[in-house]
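Visitor: Take this structure first; my questions come after.
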Amino acid sequence: MSVFRVEHTQNYTVMSNYHLRDKTISLDAKGLLSLMLSLPEDWDYTLSGLAHISMESKDAIRSAVRELEHAGYVQRSRVRDEKGCLLGTEYIIREQPFFNSGNVGEPGVGFPNVGESNAIK
């Protein structure tokens, strides 16, 4: 058995393995979520801002964010001023998915299926 040791001296992120083991989301979504979790809260979480620090296009980022929204890892809401003008978008990023109890048929928070599956994808 091989043993890999990584020396963490500076500039590293500690995060949950939950999303990394979730078989219901793509590698693109896992990578984007890991990147988003590693950024400070005041980062520019726009599609352009995320595309700027990666080699992905805005369309690829948009697709991965939508996948993460559908899976419950990301919530986006538009922020408007008192006149109704759009100010931006607020992101809530979670290490584990969140679903409102009103979402009938949606999976809840728990461990992803990490066992073998007979389903064809």
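Visitor: Regarding the stretch 11-33, can at least one residue be identified that is under 26 Å from residue 86 (Cα atoms) and in a helix (DSSP H, G or I)?
Guide: Step one: filter the stretch 11-33 for residues under 26 Å from residue 86 (Cα atoms), giving 32-33.
Among the residues that remain, those that are also in a helix (DSSP H, G or I) are: 32-33.
Yes; the residues of the stretch 11-33 include at least one that is under 26 Å from residue 86 (Cα atoms) and in a helix (DSSP H, G or I).
Visitor: Here's a check for you: in the stretch 1-20, which residue that is within 13 Å of residue 97 (Cα to Cα) and in contact with a helix residue (DSSP H, G or I) (Cβ under 9 Å, 6 or more places away or on another chain) is surrounded by the fewest Cβ atoms within 10 Å (Cβ to Cβ)?
Guide: If we take residues in the stretch 1-20 being within 13 Å of residue 97 (Cα to Cα) and in contact with a helix residue (DSSP H, G or I) (Cβ under 9 Å, 6 or more places away or on another chain), then 16 is surrounded by the fewest Cβ atoms within 10 Å (Cβ to Cβ).
Visitor: Checking residue 60 against (1) in contact with a helix residue (DSSP H, G or I) (Cβ under 9 Å, 6 or more places away or on another chain); (2) under 17 Å from residue 94 (Cα atoms); (3) of a type outside the set (Ser, Thr, Tyr), which single condition isn't satisfied?
Guide: (2)
Visitor: Mind checking whether some residue in the stretch 41-63 is aromatic (Phe, Trp, Tyr), surrounded by 12 or more Cβ atoms within 10 Å (Cβ to Cβ) and over 12 Å from the mean Cα position of the chain (by Cα)? Working first, answer last.
Guide: Here is the first cut: in the stretch 41-63, the ones aromatic (Phe, Trp, Tyr) are 43, 45.
Then drop every residue that is not surrounded by 12 or more Cβ atoms within 10 Å (Cβ to Cβ), which leaves 43, 45.
From what's left, over 12 Å from the mean Cα position of the chain (by Cα): 43.
The answer is yes, given that some residue of the stretch 41-63 is aromatic (Phe, Trp, Tyr), surrounded by 12 or more Cβ atoms within 10 Å (Cβ to Cβ) and over 12 Å from the mean Cα position of the chain (by Cα).
Visitor: Please find, within the stretch 64-95, the residue that is surrounded by the most Cβ atoms within 10 Å (Cβ to Cβ) out of those that are in a strand (DSSP E or B) and of a type in the set (Ser, Thr, Tyr).
Guide: Step one: filter the stretch 64-95 for residues in a strand (DSSP E or B), giving 74-80, 86-93.
Then keep just the ones that are of a type in the set (Ser, Thr, Tyr); that gives 77, 89, 91.
Values: 77: 9, 89: 12, 91: 16.
Once the filter is applied, the top-ranked residue is 91.
Visitor: Next question, about the same structure. Tell me, please, whether a residue that is modelled with pLDDT of 95 or more and of a type in the set (S, T, N, Q) can be found in the stretch 56-74.
Guide: yes
Visitor: Could you please give the count of residues in the stretch 45-88 that are touching a strand residue (DSSP E or B) at 6+ places or on another chain (Cβ under 8 Å) and more than 16 Å from residue 27 (Cβ to Cβ)? Lay out the reasoning, then the answer.
Guide: Looking only at the stretch 45-88, we keep the residues that are touching a strand residue (DSSP E or B) at 6+ places or on another chain (Cβ under 8 Å), and these are 45-46, 65, 68-69, 73-81, 86-88.
Those left that are additionally more than 16 Å from residue 27 (Cβ to Cβ): 45-46, 69, 74-81, 86-88.
The qualifying residues number 14.
Visitor: Give me the pairs: first residue in the stretch 1-24 and closer than 18 Å to residue 36 by Cα and of a type in the set (Phe, Trp, Tyr), second residue modelled with pLDDT of 90 or more and in a loop (DSSP other than H, G, I, E, B), beta-carbon distance under 7 Å, and six or more apart or on different chains, which are they?
Guide: Taking only residues 6 or more apart or on different chains, the pairs are 18/95; 18/96.
The values are calculated or read from the model by the stated rules, or taken from the named source; none is laboratory data. Given the structure is predicted, the values throughout are model-derived calculations rather than measurements. For neighbour counting, all protein chains shown are included, and Cβ atoms are generated from backbone atoms with ideal geometry for every residue, glycine included.
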